[in-house]
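The values are calculated or read from the model by the stated rules, or taken from the named source; none is laboratory data. Bear in mind that the values here come from a model prediction, so they are computed numbers and not experimental data. Ideal geometry is used to build each Cβ from the backbone, glycine not excepted, and the neighbour counts take in all protein chains shown.
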């Protein structure tokens, strides 16, 4: 058994990210002890039942006491209150990080509560599924995904290296970025796609001319792809929208501008313009597959769902 | 061996739909002979190499001669010219159908060329992947998907039943619909999703503040889902946009209206409105999964792509 990277890791929040961390930390032997904390007694009991971590605490301050690494993975709107609650119990020299999808808001909410002598290094593992809660986690979630760390002015190089090694041990590739750029990049690769997906599913759900049953029956023709993102955790995504407003509004404006131009091409029958766009976008998918960030089997490799009577064969 | 449903079936067009039909017709023994036709000599040679069908014809008129069932699966913009080309060779009593994604345009383009005594019943199998061409087909494509048939005024009930039985033998469920309603339903479940996907991928590709490499590396956070639809065949989708303009513009207008309202909620920090929408859309996915139209494994059941060094273990 190799020496664990950290004597004690505290996981504050045990949803998809927290529970996946618990799995991979256990598998790789990265901690001597994992303390788990979440506000909801039901979720905490479930985490214990699932064997996630080694001790369980309703109070986040209890979990972080004596921890060398504290990972906060809660909806970003809760980052500030969590930081305030754990502040008095943080061990000098500990590393505090988070997994939130927005970084400027998290930094301004958490930083004021981090005592001198504690290393606060915000982070964001770019990985997820549409599921949430402690049952959703799995050890491979971070495998070959990117984790973005945000060194702040004066960040200790040793602490940054330690955190970076931790994420690599979880399977991730690690990048660093400044918070402004992070929030802009994520607005286009993650926040806008979720907002658009939520929006189109809402539009379809509201139609009076097409029934809900028709939308569902014929969804395999494209629509169902959007429903995956639109099934993501509502609290998490409400908080993201409220916490990265400027970058999201900027990307929404660009998207709408492009959509107006595409709409005009459709109205005026500009086939060449349509064909050019529809060709160019193919290349983007190819690059994502080549970068190992997407499966190269058709239809995401979805399993066919058989007729009940055929499945019986 | 059971009696084939049709002595001879002609497949005009041997892309994803045509080649999938060739596979399932062979597997189920639905035809005595399958004649394959496509304009491109390279594609025709490939179809022959793949063993799709029993005879191969550059000229569609040769393929349809003596056929009892003719299935035209070409980009909808080519439907009219194909109908004109095959018109003189159609056998009296034959059924002619198609697989196009728009129905009003196909009916107005093909109908004038269908001789009296030939049964023209437009159709649309609601099934596909982002791949195209004769290599893309597979026998299960239509399994538990819906095929919409469009009976025209005076359609022969016997011919409609025969075509309906054929699609059921291919694994499909069959619905009938009038062409206006079809085009409206498909505008929301298929055409709008593709247009939105093409648009967002284009927007991301155009940004000067976020590099292409960043879009690709971090795409697992949502963006990559859209690239699947945006990798679909450009010719097919250009034709769809040009052929279902009114319904698409109507759905685009609704989508944009809803998006403006969502944008306003983000700008003004209306968390309750965001939370309500994000909760409602979850239900839609649940219904689609319950209807057997979507896989219920997280992340579409995508295969994790391992680090090259881990994969070696």
If a residue must be in contact (Cβ under 8 Å) with a residue 12 or more places away in the chain and out of contact with any helix residue (DSSP H, G or I) (no Cβ under 7 Å at 6 or more places or on another chain), how many such residues does the stretch B:30-47 contain?
5
Here's a check for you: in the stretch B:23-65, which residue that is touching a strand residue (DSSP E or B) at 6+ places or on another chain (Cβ under 6 Å) and in a helix (DSSP H, G or I) is nearest to residue B:143 (Cα to Cα)?
B:25
Tell me whether the stretch A:187-200 contains one or more residues that are in contact with a helix residue (DSSP H, G or I) (Cβ under 6 Å, 6 or more places away or on another chain), surrounded by fewer than 19 Cβ atoms within 10 Å (Cβ to Cβ) and within 12 Å of another protein chain (Cβ to nearest Cβ).
no
What are the residues in the stretch B:252-276 that are within 8 Å of chain A (Cβ to nearest Cβ) and not in a helix (DSSP H, G or I), if any?
B:269
So residue A:131 ticks every box in (1) within 20 Å of residue A:105 (Cα to Cα); (2) within 12 Å of the chain's Cα centre (by Cα); (3) surrounded by fewer than 21 Cβ atoms within 10 Å (Cβ to Cβ) but one. Which box is left unticked?
(1)
Of the listed residues (B:283, B:294), the one being outside the structural domain of residue B:127 (by TED's automatic domain parsing) and part of a loop (DSSP other than H, G, I, E, B) is B:294
Within 8 Å of chain A (Cβ to nearest Cβ), in contact with a strand residue (DSSP E or B) (Cβ under 8 Å, 6 or more places away or on another chain) and either crowded, with 20+ Cβ neighbours inside 10 Å or without any contact (Cβ under 8 Å) to a residue 12 or more places away in the chain (or both): does that describe residue B:217?
yes
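For the stretch A:109-128: of the residues being closer than 13 Å to residue B:221 by Cβ and modelled with pLDDT of 95 or more, which is surrounded by the fewest Cβ atoms within 10 Å (Cβ to Cβ)?
Only one residue tops the list, namely A:126.
Restricting to the stretch B:201-214, give me the number of residues that are over 19 Å from residue A:228 (Cβ atoms) and within 7 Å of another protein chain (Cβ to nearest Cβ).
First pass over the stretch B:201-214, keeping only residues over 19 Å from residue A:228 (Cβ atoms): B:202-203, B:205-214.
Adding the requirement that they be within 7 Å of another protein chain (Cβ to nearest Cβ) leaves B:202-203, B:205, B:207, B:209-210, B:214.
Summing the residues that are over 19 Å from residue A:228 (Cβ atoms) and within 7 Å of another protein chain (Cβ to nearest Cβ) in the stretch B:201-214 gives 7.
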Restricting the stretch B:211-224 to residues that are part of a helix (DSSP H, G or I) and out of contact with any helix residue (DSSP H, G or I) (no Cβ under 6 Å at 6 or more places or on another chain), the one nearest to residue A:128 (Cα to Cα) turns out to be B:220
